[in-house]
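*Asks:* Here it is, the structure in full.
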Amino acid sequence: MKYYTSILIAMCCTFLSFGQTQKLFNIEEITLTDTIEQKRIANSLQEKPVLYEDDKYVVRRTCSGEWGGSVYFKNKLTKVERACSATCAIAILKNKAKYLVVSSLAHMSGFSSVVEIENPELLDVFKLPPPRKRVGKKQIRYVGDDESKSSKGTKVSVDTIGIEAIAAFVYQEQAYYIISGREGTFISKIESGKFIRITKIGNTNIWTYETMFKNTKGGFNVLFTGFKDKGYIDVTGNRIIICYFK
């Protein structure tokens, strides 16, 4: 009888161990009140001209707010620069041989999108359109006229409103996105054309007008500068720190 009881206990323990899942991300929230240190961090995370770079391409972005934005892939070998529409790109990931362009805009209820690019050589070569009019030698263009309107060579993974994408990263060959909305801030992934929440990492709705990235060894930092909250997010592997400036 004791023998069968031992087997039953062992089976129950095994079943319970399978039902438990290891925590995917380690989240920490901290508050920084040292204004000198805040300024030092903000200065170190100022926007850089290059949004992304690998052995084939250097990628930059432009942003005209609600009037549009663009990302430009410059081939290092041919020096040809191709572009597509992205309002406004905050990050570019490369995962499973695809480039993922993550865009977000804090306008009205907020907009976020992710598009896939398998081959940047299929994007259009950007050409500045003719001016709206000329006054003497002066050319007149409106805000956004110098942004790409092309979607050629891209595939939409998600396009949504009411959510702002703050950051994006790849962990264990899976693309993850830090998104924020009325219900707080979450780590998410994309399934069936939607952001699927995985882990809540804060109750605060981080509404930022600009994000600034700085790549680090094994991860990155991103600065958020909203009208209510300011701070930065540090991602290294599966460790995520959200620091609020107070």
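*Asks:* Filter the range 97-117 down to the residues that are modelled with pLDDT of 90 or more and part of a loop (DSSP other than H, G, I, E, B) and list them by number.
*Replies:* Passing the criteria: only Ala97.
*Asks:* Follow-up question, since we're still on this one. Please verify whether Ile190 is over 27 Å from Cys63 (Cα atoms) and modelled with pLDDT of 90 or more, treating the condition exactly as stated.
*Replies:* Against the criterion (over 27 Å from Cys63 (Cα atoms) and modelled with pLDDT of 90 or more), Ile190 does not qualify.
*Asks:* Considering every residue within the range 161-176, establish whether at least one is of a type in the set (Ser, Thr, Tyr) and farther than 22 Å from Glu66 by Cβ.
*Replies:* yes
*Asks:* Would you pick out the residues in the range 120-129 that are modelled with pLDDT of 95 or more and in contact with a Phe, Trp or Tyr (Cβ under 9 Å, 6 or more places away or on another chain)?
*Replies:* Pro120, Glu121, Leu123 - these are the residues of the range 120-129 that are modelled with pLDDT of 95 or more and in contact with a Phe, Trp or Tyr (Cβ under 9 Å, 6 or more places away or on another chain).
*Asks:* I'm trying to understand the selection: among the residues of the range 38-95, which are basic (Lys, Arg), modelled with pLDDT of 90 or more and within 17 Å of the chain's Cα centre (by Cα)?
*Replies:* Passing the criteria: Arg60, Arg61, Lys94.
*Asks:* Here is a follow-up. Is it fair to say Thr160 is surrounded by 14 or more Cβ atoms within 10 Å (Cβ to Cβ), among the β-branched types (Val, Ile, Thr), in contact with a Phe, Trp or Tyr (Cβ under 8 Å, 6 or more places away or on another chain) and modelled with pLDDT of 90 or more?
*Replies:* yes
*Asks:* Does at least one position in the range 130-139 carry a residue that is of a type in the set (Gly, Ala, Ser) and at pLDDT 90 or above? So that I can check it myself, show each step before the final result.
*Replies:* Taking the range 130-139 first, the residues of a type in the set (Gly, Ala, Ser) are 136.
Imposing the further condition that a residue be at pLDDT 90 or above reduces the set to none.
No: zero hits.
*Asks:* I would also like to ask the following. Can we say Gln172 is polar (S, T, N, Q), more than 21 Å from Pro49 (Cα to Cα) and loosely packed, with under 11 Cβ neighbours inside 10 Å? First the steps, then the outcome.
*Replies:* On the way: polar (S, T, N, Q): yes; more than 21 Å from Pro49 (Cα to Cα): yes; loosely packed, with under 11 Cβ neighbours inside 10 Å: yes.
The answer is yes for Gln172.
*Asks:* Here is a follow-up. Being within 16 Å of Thr160 (Cα to Cα) and in contact with a Ser or Thr (Cβ under 9 Å, 6 or more places away or on another chain) is the filter here, so list the residues in the range 108-145 that pass it.
*Replies:* Residues satisfying the conditions are Gly110, Phe111, Ser112, Ser113, Val114, Val115, Glu116.
*Asks:* Got a number for residues in the range 164-185 being of a type in the set (A, V, I, L, M, F, W, C) and within 20 Å of Met108 (Cα to Cα)?
*Replies:* 5
*Asks:* Something else about it: Applying the selection to the range 122-157, what residues are surrounded by 14 or more Cβ atoms within 10 Å (Cβ to Cβ) and either in contact with a His (Cβ under 8 Å, 6 or more places away or on another chain) or polar (S, T, N, Q) (or both)?
*Replies:* Answer for the range 122-157, where residues must be surrounded by 14 or more Cβ atoms within 10 Å (Cβ to Cβ) and either in contact with a His (Cβ under 8 Å, 6 or more places away or on another chain) or polar (S, T, N, Q) (or both): Ser148, Ser150, Ser151, Thr154, Ser157.
*Asks:* Based on what the data block shows, is Val102 surrounded by 13 or more Cβ atoms within 10 Å (Cβ to Cβ) and over 20 Å from Tyr176 (Cα atoms)?
*Replies:* Considered against the rule, which asks whether it is surrounded by 13 or more Cβ atoms within 10 Å (Cβ to Cβ) and over 20 Å from Tyr176 (Cα atoms), Val102 comes out as no.
The values are calculated or read from the model by the stated rules, or taken from the named source; none is laboratory data. Just so you know, these numbers come straight off a predicted model, no measurement behind them. Using ideal geometry, Cβ is built from the backbone for each residue, glycine included, and neighbour counts are taken over all protein chains shown.
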